[in-house]
1. Could you tally the net charge around Gly93, taking each other residue with its Cβ under 11 Å from the Cβ of Gly93, Lys/Arg +1 and Asp/Glu -1?
2. So who's got an amide H within less than 5 Å of the one on Phe280, skipping anything under 5 residues away but keeping other chains? H placed 1.01 Å off N, in plane.
3. Provide Trp428, Trp362, Trp109 in ascending order of the number of other Cβ atoms located within 10 Å of each residue's Cβ, fewest first.
4. Treat the count of other C-beta atoms within 10 Å as a stand-in for reagent exposure and order Glu151, Glu361 from fewest to most.
5. Calculate the length of the line joining the C-alpha centroid of segment 341-391 to that of segment 105-140, in whole Å.
6. What is the extension gain from Ile366 to Glu48, computed as 0.36 nm multiplied by their sequence separation minus the C-alpha to C-alpha distance, in nm to one decimal?
7. Which whole-Hz couplings ³J(HN,Hα) result when phi for each residue of segment 370-384 is put into the Karplus expression 6.51 cos²θ - 1.76 cosθ + 1.60, θ = phi - 60°, listed in order with x for Gly and Pro?
8. Based on other C-beta atoms within 10 Å, arrange Phe327, Phe183, Phe33 from fewest to most.
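Derivation of every value follows stated rules applied to the coordinates shown; laboratory data play no part. Since we're looking at a predicted model, the values are computed, not measured. Here the Cβ is made from the backbone with ideal geometry for all residues, glycine too, and neighbour counts use every protein chain on show.
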Amino acid sequence: MKIYQKQTFKDSIKIYLDIRMLRILLLGIISGFPWVLIGSSLSLWLKEEGLSRSTIGWAGLIFAVYAFNYLWAPLIDRVRIPWLTNKVGHRRGWIIVMQLIILLSLVLWNFVDPTANLGLVITIGLIIAIASATQDITVDALRIEQVGKNEGKSMQAGAAMAVVGWWTGYKLGGVISLNSAEFFQNAGFENYWQLTFLILGIIIIACNIALMFVHEPLLTDRQKAQRKTDKMFQKKLGQSNFLTKSAAWMSGTIAGPIISFFKKNGFKIALGILGFVFLFKIGEAFLGRMSIIFYKEIGFSKTDIAIYSKGLGWITTVVFTLLGGLFAIRSGVIKAMFVSGILMASTNVLFSLLAWSGKSEWLFAIAVIFDDMAAAFATVAFVAFISMLVDRTYTATQYALLASIGTAGRTTLAASSGAMVDWLNGDWGIFFILTAVMVIPSLIFLYIIKKDIKLSEK
């Protein structure tokens, strides 16, 4: 009988030194940065143009495209970009195209006045969101494919590095965004936000350069498996002609990933997984959507927000993400999900204390540190969890499906966050208490299904 020897702490640390982890870090940065553009930057831009909390909150509905990117994820798994696919690979080709669309959108924002053309501003933001959501499909697939399907520990470490990268792109991008806006504003430029978006475009170019250091094989077993599925559907259709071949291709592309997911997990457990994924991070999303508005209303400047929420937040997020990854590696991803859920609920209460005490830099710093700690633990566990569920034949599609369902809860419901604050007559303390209890239903789902979930954690 083979005796399982628990991995030492030193061995756990060594996993992070794998060169693949650096590549995953770069992919995370590429994925996280666009959220700066349509998140805090867009929200603060609209706020400083005099738009209401409710309007800003509803503008956040553009994030809903992340909840539905699984609809076109099958095409991203199958469709090749002319010329680019042969030159740089299937995944990288798609990323480059989406990055160029985001860059062009930033240039267009430079010529728009949000007070006169709010609809156009939101439309361009929607284009950025669609491009970013499409980019995320292939970024996540390429990240997962950097690690072998039976390397459970490496997958958890990779999840941690992906989260570190994502927060690096988001937080440091936010630092650059806020400080650039403050600089141009103090210099007397009326269109300081538009100029800031041009500066952020330089980061897009840097991201494309960094992408070239991420390895991607030009030929994979995935393509063979996909063609095998197509043949199975064509056999069921009978005749072999253009129409049946097209129908088989579409059936294999769309239905194949869904059938695979439910067949692997069983119908009831699959539904339980989807319920948990949908509910897990709703409270965090409500808090995140309104956080920068809250900071501004209680008296913090853009520089203060950049230092505490973005700069300090990035440091704490990186540290606790790596620690969260180690915790997941050593204790298991399921236990890590429970711990992180409790942490998220607990730390949201700190923002209630900040709301009731008024402007306090030390309490602001404490709230940010603990919130980022909880978010780091939760995100790395969540990413590892869904990464270990996917079938490598349909990496992009299945990950996008699970991530989209999680995003659906965060974006569609959290769009009402501004309206909720208004309904509470601006009582931020009660608002944050409500966000704290939103995690409970998801943990109930996880408890029910935890014994039947099969994950490779070797």
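1. Every neighbour counted, the sum reads +3.
2. none
3. Lowest to highest Cβ neighbour count: Trp362, Trp428, Trp109.
4. Placing the least packed residue first, the sequence is Glu361, Glu151.
5. Cα centres, segment 341-391 to segment 105-140: 28 Å.
6. Residue separation times 0.36 nm, minus the Cα-Cα distance, leaves 111.8 nm.
7. 6, 5, 5, 4, 5, 4, 5, 4, 5, 5, 5, 5, 5, 4, 4
8. Phe183, Phe327, Phe33
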